[in-house]
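Trainee: For reference, the structure I am asking about is given below.
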Amino acid sequence: MTNVFSRLIGQVAVAEELQAAAHAARGVAARLDEGDSAAAQPDDDRFASRSRAAMTHAWLFTGPPGSGRSVAATCFAAALQCHAEDEVGCGECRACVTAMAQTHADIRHVVPQGLSLSVHEARDVVQAAARRPGTGRWQIVIVEDADRLTEQAANALLKAVEEPASRTVFLLCAPSVDPEDISVTLRSRCRHVALTTPGVADIERVLVDRDGIEPERAAWAAGVCGGHVGRARRLATDDDARAQREKALGLARAATRDSTAYAAAESLVKSAEEAAKAISAELDEPETEEMRTALGAGGTGKGTARPPRGSAGALKELERRQKSRATRVSRDMLDRALVDLAALFRDALVVSVGASVTAMHPDKADLVGGMAHYASPERLLRCVEAVLDCRTALDVNVKPKFAVDAMVAKIGLAMNSGR
């Protein structure tokens, strides 16, 4: 097994920075072990330095979807806990293996299961972060999708980040440093690590070397995934993912005709919901069974015929969380389809104005050329804006059917105006 940082695709500078910080962290941990009170203070100049080779107690990983924000955070957590003497993040010691498998006792992953991360969940995170590490050097909290923190949750987390325990490290992941993604005060307390979109060649190499995907299929998936490594892998291996993409891109042509526009919109929303149901069912069943077992279902002996007091409430709460997660998965899948659609109109706009820019959908050159010939740049730009407006509507919980119907109406008007 190679060093854990080899899992970062196309992020050489980021890997070097994190390795340097992990090396520095060992010195900080050693001084804490020796009881050096000066080093134990989080606001110590050596601990809070922003230099490349320094270690800090709070980090913010940003980057576009698929750039590997959570992967970078997990790799860094493994390097901080690594037991190897000659390198950090060796990938072979027990600390690295358990950290990468997300089973390390002193690394807590916080992943919002619903549309947001509530204040109650944030308080649980704060409470866990205050504990001393049991087996590792640090108590590490990784908050994936920190942009889903509610305002109250962000405030609860801010207090812990401002005054952390000496052995606690927070690793937050968000799309950007924009105030809409992460609060200004929370961002100001963190050291920022910006990841970039991996190159097509880097993604293709990973798909072939690491996943064993046939080179021609890997090259196609890397070229159409929009720099999203996980999506490239799904497109290369999942027929349903490819079908969903075709359905999203087909909406551009369907929207120009009243007879097909709304049927295509309904089909897109329905396919996203069905895919989300399939994913959720795989997650829900083992969770429910585990909860029932924990509550005594299937047991034998005296008292097992009657469920314990409070079990109905626990199962109802689990169902609520599962329903919230299913809604989030459905919205995420629909949003991915909308990103594909916006990229198609963008490609047509690029061709229409004669710009030399890499296409997001290189396999759809004929369709893109037809769209560029059919509509002016101004009308294509209105189509892009219609898709972005739909994404915004979904963010504020407009029903998907209404949001997508409004989008296809705008696209139809834009594409057909003046004809």
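Trainee: Leaving ligands, DNA and RNA out of it, work out the accessible area of M333 with a 1.4 Å probe and give it in Å² to the nearest 10.
Mentor: The accessible area of M333 comes to roughly 50 Å².
Trainee: In square nanometres, what is the average projected area of the Cα convex hull of the stretch 309-419?
Mentor: Mean shadow area of the hull around the Cα atoms is 8.6 nm².
Trainee: Let me ask something else. What is the dipole size for the chain, taken about its Cα centre, with +1 at each Lys and Arg Cβ and -1 at each Asp and Glu Cβ, in debye to the nearest 20?
Mentor: 940 debye
Trainee: Of L251, L334, A406, which is farthest along the charge dipole of the chain in the positive direction, counting Lys and Arg as +1 and Asp and Glu as -1 at C-beta?
Mentor: Of the options given, the answer is A406.
Trainee: Largest first, what is the accessible-area ranking of L338, L283 with a 1.4 Å probe?
Mentor: L283, L338
Trainee: Next question. Kindly express, to the nearest 10 degrees and within the range 0 to 90, the angle between helix 377-395's C-alpha long axis and the longest C-alpha principal axis of the chain.
Mentor: 40 degrees
Trainee: When ligands, DNA and RNA are left out and all protein chains stay put, how many square angstrom of accessible area per residue does the chain have with a 1.4 Å probe? Walk me through the numbers before you get to the answer.
Mentor: Working: 20910 Å² over 419 residues.
With all protein chains present, the chain gives 50 Å² per residue.
Trainee: Return the lysines within reach of K364: Cα separation strictly under 21 angstrom, same-chain partners fewer than 8 residues apart disregarded; answer none if there are no such residues.
Mentor: K247
Trainee: Along the charge dipole of the chain, pointing to its positive end and built from +1/-1 on Cβ of Lys, Arg, Asp and Glu, which listed residue (L60, S176, T293) has its Cα farthest out?
Mentor: In the chain, that residue is T293.
Trainee: Moving on to the next point. Of all the accessible heavy-atom surface of the stretch 147-286, with the other protein chains kept in place and a 1.4 Å probe, what percent is carbon and sulfur?
Mentor: C and S fraction of accessible area: 49 percent.
Trainee: Helix 400-416 against the longest principal axis of the chain: what's the angle in degrees, Cα atoms only, rounded to the nearest 10?
Mentor: 40 degrees
Trainee: So, one more: For V110, what residues show an amide H to amide H distance below 5 Å, using hydrogens built from the backbone and excluding near sequence neighbours?
Mentor: I142, V143, E144
Trainee: Still on this structure, I have one more. Express in whole angstrom the spacing between the alpha-carbon centres of the stretch 399-418 and the stretch 373-396.
Mentor: 9 Å
Trainee: Next up: At 10 °C and 1.306 mPa s, grab the translational diffusion coefficient of the stretch 184-282 from Stokes-Einstein with a Kirkwood Rh over Cα pairs, rounded to a whole number in µm² per second. Before the final figure, lay out each step's value.
Mentor: Working: Rh = 16.0 Å.
It diffuses with D of about 99 µm²/s by this estimate.
Trainee: Could you order H373, H57 by accessible surface area, starting with the largest, using a probe radius of 1.4 Å? Intermediate results must be reported in sequence, preceding the final value.
Mentor: Details: H373 160, H57 30 Å².
Highest to lowest solvent-accessible surface, that is H373, H57.
Trainee: Less than 14 Å Cβ to Cβ from D86, Lys/Arg counted +1 and Asp/Glu -1: what total charge do the surrounding residues give?
Mentor: -2
Trainee: Still on this structure, I have one more. In a shell of Cβ-Cβ distance under 14 Å around D389, excluding D389 itself, what net charge do Lys and Arg (+1) and Asp and Glu (-1) give? Don't skip to the answer; put the middle values down first.
Mentor: Numbers: positive: R382, R391, K410; negative: D335, E385, D395, D405.
Overall, the nearby charge balance is -1.
Trainee: Still on this model: What residue among T103, T260, T293 has the largest mean-square fluctuation in a Gaussian network model of the chain, using Cα springs under 10 Å?
Mentor: T293
Trainee: Whole-Hz ³J(HN,Hα) for each residue in the stretch 174-181, computed from phi via Karplus 6.51 cos²θ - 1.76 cosθ + 1.60 with θ = phi - 60°, x for glycine and proline: what do you get?
Mentor: Ordered by residue, 3J(HN,Hα) equals 8, x, 7, 8, 4, x, 6, 9 Hz.
Trainee: Hey, can you grab everything whose amide H is under 5 Å from the amide H of H192? Only 5+ residues off in sequence or another chain; H modelled, so Pro and N-termini drop out.
Mentor: Excluding prolines and chain starts, which carry no amide H, the hits are L60.
Trainee: Whole-Hz Karplus ³J(HN,Hα) for the stretch 358-365, in order, using 6.51 cos²θ - 1.76 cosθ + 1.60 and θ = phi - 60°, x for Gly and Pro?
Mentor: Ordered by residue, 3J(HN,Hα) equals 4, 6, 7, 10, x, 7, 10, 4 Hz.
Trainee: For D240 and E319, what does the FRET efficiency come to when R0 = 25 Å and r is the distance between their Cβ atoms, rounded to the nearest 0.05?
Mentor: Computed FRET efficiency for D240 and E319 comes out at 0.45.
Trainee: Separate question: State the volume of the convex hull built on the alpha-carbon positions of the stretch 48-185, expressed per residue in Å³ and rounded to an integer.
Mentor: 117 Å³
Trainee: Please compute the Cα-Cα pair-distance distribution of the stretch 125-258 with 5 Å bins starting at 0, giving whole percents from short to long.
Mentor: 2, 9, 15, 12, 10, 11, 12, 13, 10, 4, 1, 1, 0
Trainee: What percent do you get for the relative contact order of the chain when only Cα pairs under 8 Å and 6+ apart count?
Mentor: 15 percent
Trainee: Oh, and also: If you look at just the Cα atoms of the chain, how large are its Rg and its Dmax in Å?
Mentor: Answer for the chain, Rg first and Dmax second: 24.2, 79 Å.
Trainee: Right, something else. Using the beta-carbon distance between V398 and A194 and R0 = 45 Å, what value does 1/(1 + (r/R0)^6) give for FRET efficiency, to the nearest 0.05?
Mentor: In this case the efficiency is close to 0.90.
Trainee: Something else about it: Amide H to amide H, which residues 5 or more places from T168 or on other chains are under 5 Å from it, using H placed in the peptide plane?
Mentor: When sequence neighbours closer than 5 places are left aside, the close amide H contacts are Q139.
Trainee: What is the sum of charges, Lys and Arg at +1 and Asp and Glu at -1, for the other residues whose Cβ falls under 10 Å from the Cβ of R69?
Mentor: Numbers: positive: none; negative: E144, D145.
In short, -2.
Trainee: Something else now. What FRET efficiency comes out for the pair A128/E378, r = Cβ-Cβ distance, R0 = 41 Å, nearest 0.05?
Mentor: Working: r = 53 Å, r/R0 = 1.30.
It comes out at approximately 0.15.
Trainee: Per residue of the stretch 203-218, in order, report the coupling 6.51 cos²θ - 1.76 cosθ + 1.60 (Karplus, θ = phi - 60°) as ³J(HN,Hα) in whole Hz, putting x for Gly and Pro.
Mentor: Calculated HN-Hα couplings, in order: 5, 4, 5, 5, 4, 6, 6, 8, 9, x, 7, 4, x, 5, 5, 5 Hz.
Trainee: Determine the order of K323, K410 by accessible area, beginning with the largest, at a probe radius of 1.4 Å.
Mentor: K323, K410
Trainee: For the chain, take the longest principal axis of its alpha carbons; what is the angle in degrees between that and the long axis of helix 69-81, to the nearest 10 within 0 to 90?
Mentor: Value to nearest ten degrees: 20.
The values are calculated or read from the model by the stated rules, or taken from the named source; none is laboratory data. What you see is a predicted model, and the numbers here were worked out from it, not measured in a lab. As a convention, Cβ positions derive from the backbone with ideal geometry for all residues, glycine included, and neighbour counts pool all protein chains shown. Note: accessible area is taken over every heavy atom of the protein model, side chains too, but ligands, DNA and RNA are not part of it. Shrake-Rupley method; radii C 1.70, N 1.55, O 1.52, S 1.80 Å.
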